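Below is a structure I'd like to ask you about.
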Amino acid sequence: MALSEQYLEEDLHPIDIVEHLAEHHDWDFDRIGDDQIAMAVEGQWRTYSITLAWSNYDETLRMVCSFEMEPPSERESDLYELLNRMNDQCWAGAFTYWANQKLMVYRYGLVLAGGQMASPEQIDTMINAAVLSAERYYPAIQLVTWGNRTPEDAMQVAIAEAYGRA
């Protein structure tokens, strides 16, 4: 049964849907308020902190997927060049580095203007895309910040997608 079939008769708040998805996937989560939820999603490389917040003002479900990172200051310019290259390949969302908080962040906003409803599949895809993007580029980020590799070289790791399953 599709995730959305459970909700056809209900008019659920987007954060309620996220909470049901977190329970379904057995993710640790904390319902911060009526319009916000934070959760931890385990990846291959890291555990990612994901926060989703609903904004009534602009009718947008905002997602921030982050992980801690403290690159050496002398590598920050290469990190920013890498981020530009990564974002050129991301069509749904973008990476940024929040230096003050020492966080690598992937952000995305799902606009639901005009009373649109987000489906569980849309929200699940949004969360999975964030984690998959972070997982895909994590090795490149490490190579640039700690391996002293150029952004061009590091991107070759991210471009080479694996085939099959382990």
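Excluding A38 itself, calculate the net charge of residues whose Cβ lies under 14 Å from the Cβ of A38, where each Lys or Arg counts +1 and each Asp or Glu counts -1.
Working: positive: R31, R62; negative: E19, D28, D30, D34, D35.
Taking every other residue near A38 into account, the sum is -3.
Continuing with the same structure: With a 1.4 Å probe and all protein chains left in place, how much accessible area per residue does the range 73-166 have, in Å²? Mind showing how you got there, number by number?
Working: 5340 Å² over 94 residues.
Heavy-atom accessible area per residue stands at 57 Å².
Less than 12 Å Cβ to Cβ from E152, Lys/Arg counted +1 and Asp/Glu -1: what total charge do the surrounding residues give?
Details: positive: R85, R149; negative: D78, E81, D153.
Here the count lands on -1.
Once whole DSSP H runs in the chain are found, which of them have Cα atoms spread over 30 Å or more along the helix axis and a mean Kyte-Doolittle score of at least -1.0? Can you show the working numbers first?
Numbers: long enough: 120-145 (36 Å, 0.20).
Once both thresholds are applied, what remains is 120-145.
Which order do W98, W91, W45 take when ranked by solvent-accessible area (1.4 Å probe, heavy atoms of all protein chains), largest first?
Result of the area sort, largest leading: W91, W45, W98.
Report H25's accessible area, 1.4 Å probe, all protein chains in place, as a number in Å² to the nearest 10.
70
What does the net charge come to around D88 if you take all other residues with beta carbon closer than 15 Å to its beta carbon, with K and R at +1 and D and E at -1?
Values: positive: R85, R136; negative: E81, E152.
The answer is 0.
Additional query: Take L12 and Y80, extend 7 Å from each Cα along the Cα→Cβ direction, and tell me the distance between the two endpoints in nm.
Output for this residue pair reads 4.2 nm.
Can I ask one more? Can you list which of the GluC sites (Glu not before Pro) found in the range 87-163 are DSSP loop residues with at most 10 other C-beta atoms within 10 Å? It would help to have the intermediate numbers written out before the result.
Values: sites: E121, E135, E152, E161; in loops: E161.
Sites meeting the loop and neighbour criteria: E161.
So which chymotrypsin sites (Phe, Trp or Tyr not before Pro) in the range 53-83 pass both tests, a DSSP loop state and at most 14 other Cβ atoms within 10 Å of the Cβ?
Details: sites: W54, Y57, F67, Y80; in loops: Y57.
Hits after loop and neighbour filter: Y57.
The values are calculated or read from the model by the stated rules, or taken from the named source; none is laboratory data. Owing to the predicted nature of the structure, the values given are computational and were not obtained by experimental measurement. Positions of Cβ are backbone-derived with ideal geometry, glycine not excepted, and every protein chain shown enters the neighbour counts. Side chains included, ligands, DNA and RNA excluded: accessible areas come from the protein's heavy atoms. Shrake-Rupley method; radii C 1.70, N 1.55, O 1.52, S 1.80 Å.
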